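Right, one structure below, let's go through it.
Since every read-out is calculated from the coordinates, none of them should be taken as a lab result. Everything numeric in this text was worked out from a predicted model, so none of it was measured. Note: ideal-geometry Cβ built from the backbone for every residue, glycine included; neighbour counts use all protein chains shown.
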Amino acid sequence: MKYEKKFLAREEQASESQLQSESQRTIHEFATPEDVLRFDAKQTAVPDTVAKRLKRSLQRQPQRPWWKRWLG
Amino acid sequence: MDKPVEQTLAQAPPDLASEELSALYQENSREIYYLTLRLLGDPQRAEDATHDVFIRAFRKWNEFRGESSPRAWLYRIAINYCSNLRQSWHNRNVFATEDEILEKNAPAVTASPLRVLEIKELGGRIQKALDGLSEEYRLLLLLVADKELSYEEVASLTDQTPDAVRGKLHRARKAFTLLFQKDTEP
């Protein structure tokens, strides 16, 4: 079974005195390296250019050579 | 006169608009991009890698026998791609020594959680920690982080037994935690 621990994320409320000096800050706590990586992966978007490039590349894809088509 | 259907199909290039390939891309592109991003450490190279991995996958899609999940199959293509790029004497030898040092200095139990205050800096800190690991440890952590992969699939992708994966993973976690905390804590 995969090593799993509950993902811990907590919002830490700054005390009233701190609120005046700094804005509310969020501390994320991760139990394992895998949790950090999962969180990071979710935040990471694939650039739109990848799909566009793929489409262009597939349209440009050369036809099979005549002898391959002929031989089947 | 129209071409016979078989001939048309044989000549037709794989089409991203086709439902099957489109689904393959939609369901796996984030994971493939993330793996290549963290293995190569560069967004532009990761973009190129993701593009090339899917081109290869689409061209070989007819040969995919379903012996593994499509995700694992794509990971294999991506791992081979990245390892071809990264393969050098330096990569294969220098990091092994670093692992030994890290294991020696690692705390016995990494009980304290990994704390992050600024999410926008998280990617950079993760990359820095991963870059300090050997290629093997880095790959293991990244693969195990994908909940869709079983230990058996991770073992198969890294050419070792599931037991070996478990053992190495324990050391990889310790090494990553040490590097990550070193960079995080004041």
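Under the definition of partner shielding as Cβ atoms of other protein chains within 10 Å of a residue Cβ, what is the mean value for peptide A:52-60?
So the per-residue partner count for this stretch is 5.
Starting with the fewest neighbours, write out B:Thr177, B:Thr50 ranked by other beta-carbon atoms found within 10 Å of each beta-carbon.
Values: B:Thr177 23, B:Thr50 30.
Ascending number of Cβ neighbours within 10 Å: B:Thr177, B:Thr50.
For the pairs A:Lys55/B:Lys168; A:Lys42/B:Lys174; A:Lys52/B:Lys60; A:Lys42/B:Lys168; B:Lys60/B:Lys147; A:Lys52/B:Lys168, note any where the Cα-Cα span goes beyond 30 Å.
Result: A:Lys55/B:Lys168; A:Lys52/B:Lys168 exceed 30 Å.
Looking only at other chains, what is the average number of their beta-carbon atoms within 10 angstrom of each beta-carbon in B:166-177?
Per residue, the average neighbour count from other chains is 2.
Residue by residue through A:42-49, how many Cβ atoms from other chains fall within 10 Å of the Cβ on average?
So the per-residue partner count for this stretch is 5.
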